[in-house]
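The values are calculated or read from the model by the stated rules, or taken from the named source; none is laboratory data. Every value quoted in this text rests on a predicted model; they were computed, and no experiment measured them. Here the Cβ positions follow ideal geometry from the backbone for every residue, glycine too, while neighbour counts run over all protein chains shown.
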Amino acid sequence: MASQQHQEQSASGSRPPASATESASSANQSASAAPVTQAVDKSDAGYAKDLKPRHIQMIAIGGSIGTGLFLGAGGRLAQGGAGLTIAYAVCGIFAFLMVRALGELAIRRPSSGAFVSYAREFLGEKGAYITGWLFFLDWSTTVMADITAVALYFHYWQAFKAVPQWVLALCALAAVFALNMLSVKAFGEAEFWFAAIKVFTILAFMAIAIWAIITGAPVGQYHAGMHNITDHGGFFPEGIAPVFALTLGVVFAFGGTEMVGVAAGEAKEAQQVLPKAINSMIVRIFGFYVGSVILMALVLPYTAYSSNESPFVTFFSGIGIPHAGDVIQVVVLTAALSSLNAGLYATGRTLRSLAIAGSGPKFAARMNKNHIPYGGIIITSALGLIGVVLNAVLPANAFDIIMNLAGIGIAGTWSSILVTHLAFLKRVKAGKEQRPAYRMPGAPFTDYLALAFFAIVVISNLTSASGRWTLALFAVVVVAMIIGWYAVRGRIDGSLMDEILDNDEDEDSIEELSDDFAAA
């Protein structure tokens, strides 16, 4: 372990070590204080800083709008009714708190390893191992969900109905895999336009839906208006319990908001663009998600929606505009491809961070001439083939099964981010770190509140049979992670952060982790 003196010196270059009182005082300076960079993670070496501010803005938008809204909202509305909007609002608030905590860490030190790198710095290699593999569970299963969504979308058209669902899923996986292998700039451009299409579609839906509600326009065999809620059981037509049970699926819908932290490591001027991108997220969450779901409940009764069709397509197909359903089907198809694109991007970089530390497969550390961590992307794509198999064996239930398991991975990843932020705050309180000007509001109280909420969300799966199956599957994952830790801990390079400091002519290692979070 490094000395405290070295840690304080590395926190600001050549600055002499400050006393705990002085450091604590500087941590409480006004918002104009400059952020302090603490260290550099060796796993960040080799990446191209080719993501522009407009890419980061759209990745922040695209990450928070995906398959969970464009497909999953239909099935959840059919099961829970309009009360689902409350679940979206509450989950949205906690998702925003999580990304603010991540934003504080990312502005302090942008890293493509993102929360895995931050966990390594503040929780040690065990924390990085847990965080990284939970994130991998999240996105590897999300990749499976997204290729399933693509296959379901294609079956909307008669011409594709004869093509097996698994074949379409495989084609989607292959296409996005090829795109991710080109360059980070190609990824950024693709995600920029994917996100732009998604935003335009949601805004168009909201404008037309509001018009339909005001005029009472016909939507299929129904008419838009408040009666679609009041005449069909009110806000909780199936009771409150189903809404609680559906909350994990809502968390899945917000999965991807943490993507902005990963992209920060390959961004130009990350410290300038990140605050704006993150702060606008709460507006998008309530405008796009909560606004869209309440409008869906007003234009059609909850019984009109289905888990096999996008609620946007259900609406646009019913308003009588020729080919409107076909156009929107193309749009929601791009939304699924966008999420799939982001999933391969994020897992490739996370696996590389784990591999360089020794807690992931060595193959995942490899990069190609385009500065792409192709090893990790190949591994995720290979696991995506499990989703292809599920589409062949259980085509009707594949999406729901995968979505719930991904939801637990997301809740686990977000909890790890919050625990890492708490460890960072502990060091701030001890005078060993300085908080950047951009901070998580209400911390550490909001950290603990969000952690309690995510724990309740996971436990709520006990209320349904499918949820209990999901928890059982997750228990298997936990056992595998424990076995994996004991298998790799002997080869883990605990000086990953130190080696970069050695390259900068620093001879000591940084202090590994705080006492509260270092217990084995």
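Answer yes or no: is there a residue in the range 92-107 that is within 19 Å of Asn404 (Cα to Cα) and of a type in the set (D, E, K, R). Walk me through it before giving the result.
Taking the range 92-107 and keeping what is within 19 Å of Asn404 (Cα to Cα), we get 92, 94-95.
Those left that are additionally of a type in the set (D, E, K, R): none.
No, the range 92-107 has no match at all.
In the range 379-389, what count of residues is obtained for those that are closer than 29 Å to Gly124 by Cβ and without any contact (Cβ under 8 Å) to a residue 60 or more places away in the chain?
1
Among all residue pairs at least 6 apart or on different chains, which show Cβ distances below 8 Å where the first residue, located in the range 229-242, is under 17 Å from Gly75 (Cα atoms) and modelled with pLDDT of 85 or more and the second is surrounded by fewer than 16 Cβ atoms within 10 Å (Cβ to Cβ) and among the polar types (S, T, N, Q)?
So the pair list comes out as His232/Thr303.
Which of the following residues is at pLDDT 90 or above and in contact with a helix residue (DSSP H, G or I) (Cβ under 6 Å, 6 or more places away or on another chain): Ala267, Ala224, Ala207, Ala263? Can you show your working first?
On the way: Ala267 fails: at pLDDT 90 or above; Ala207 fails: in contact with a helix residue (DSSP H, G or I) (Cβ under 6 Å, 6 or more places away or on another chain); Ala263 fails: at pLDDT 90 or above.
Matching residue, one of Ala267, Ala224, Ala207, Ala263: Ala224.
If I filter the range 460-482 down to residues being hydroxyl-bearing (Ser, Thr, Tyr) and surrounded by fewer than 17 Cβ atoms within 10 Å (Cβ to Cβ), which single residue comes out as nearest to Ile402 (Cα to Cα)? Step through it out loud before you land on a result.
From the range 460-482, those hydroxyl-bearing (Ser, Thr, Tyr) are 460, 463-464, 466, 470; that's our starting set.
From what's left, surrounded by fewer than 17 Cβ atoms within 10 Å (Cβ to Cβ): 463, 466.
Details: Thr463: 18, Ser466: 11 Å.
This residue is Ser466.
Tell me, which residue of the range 484-494 that is outside any loop (DSSP other than H, G, I, E, B) and surrounded by 10 or more Cβ atoms within 10 Å (Cβ to Cβ) is farthest from the chain's Cα centre (by Cα)?
Ala487
From the list Ile402, Ile378, Ile408, pick out the single residue that is surrounded by 24 or more Cβ atoms within 10 Å (Cβ to Cβ), among the β-branched types (Val, Ile, Thr) and at pLDDT 80 or above.
Sole residue among the options that is surrounded by 24 or more Cβ atoms within 10 Å (Cβ to Cβ), among the β-branched types (Val, Ile, Thr) and at pLDDT 80 or above: Ile408.
Please verify whether the range 137-151 includes one or more residues that are closer than 30 Å to Val478 by Cβ, acidic (Asp, Glu) and within 21 Å of the chain's Cα centre (by Cα).
Yes, there is a match, as at least one residue in the range 137-151 is closer than 30 Å to Val478 by Cβ, acidic (Asp, Glu) and within 21 Å of the chain's Cα centre (by Cα).
Can you tell me which residues in the range 315-366 are among the aromatic types (Phe, Trp, Tyr) and either at positive phi or at pLDDT below 80 (or both)?
Across the range 315-366, the qualifying residue is only Tyr345.
Take the conditions buried (at least 17 other Cβ atoms within 10 Å of the Cβ), in contact with a strand residue (DSSP E or B) (Cβ under 9 Å, 6 or more places away or on another chain) and over 30 Å from Leu295 (Cα atoms) and apply them to Phe115. Does it pass?
no
Kindly establish whether Thr303 is touching a Phe, Trp or Tyr at 6+ places or on another chain (Cβ under 7 Å) and either of a type in the set (Ser, Thr, Tyr) or buried (at least 21 other Cβ atoms within 10 Å of the Cβ) (or both).
It is false that Thr303 is touching a Phe, Trp or Tyr at 6+ places or on another chain (Cβ under 7 Å) and either of a type in the set (Ser, Thr, Tyr) or buried (at least 21 other Cβ atoms within 10 Å of the Cβ) (or both).
Suppose we filter Glu104, Glu191, Glu125 for residues that are more than 20 Å from the chain's Cα centre (by Cα), on the phi < 0 side of the Ramachandran plot and either in a helix (DSSP H, G or I) or of a type in the set (S, T, N, Q) (or both); which single one remains? I'd like the intermediate steps shown before the answer.
Numbers: Glu104 fails: more than 20 Å from the chain's Cα centre (by Cα); Glu191 fails: more than 20 Å from the chain's Cα centre (by Cα).
Just a single option satisfies the conditions, and that option is Glu125.
Can you name every residue in the range 210-245 that is among the β-branched types (Val, Ile, Thr), under 21 Å from Gly80 (Cβ atoms) and surrounded by fewer than 13 Cβ atoms within 10 Å (Cβ to Cβ)?
Thr230, Ile240
Looking at Met440, Met497, Met481, which is the one that is assigned to a helix (DSSP H, G or I) and at pLDDT 85 or above?
The match here is Met481.
Would you check which residues across the range 166-195 are modelled with pLDDT under 80 and small (Gly, Ala, Ser) and list them?
Matches in the range 166-195: Ser183, Ala186, Gly188, Ala190, Ala195.
Would you check if there is a residue in the range 211-219 being over 20 Å from the mean Cα position of the chain (by Cα) and at pLDDT below 90? If you could, list the steps in order and put the result at the bottom.
Just the residues of the range 211-219 that are over 20 Å from the mean Cα position of the chain (by Cα), to begin with: 211-219.
Among the residues that remain, those that are also at pLDDT below 90 are: none.
No - not one qualifying residue is present in the range 211-219.
Which numbered condition trips up Ser306, out of (1) of a type in the set (S, T, N, Q); (2) at pLDDT below 85; (3) out of contact with any Asp or Glu (no Cβ under 6 Å at 6 or more places or on another chain)?
Going through the list (1) of a type in the set (S, T, N, Q); (2) at pLDDT below 85; (3) out of contact with any Asp or Glu (no Cβ under 6 Å at 6 or more places or on another chain), Ser306 breaks only (2).
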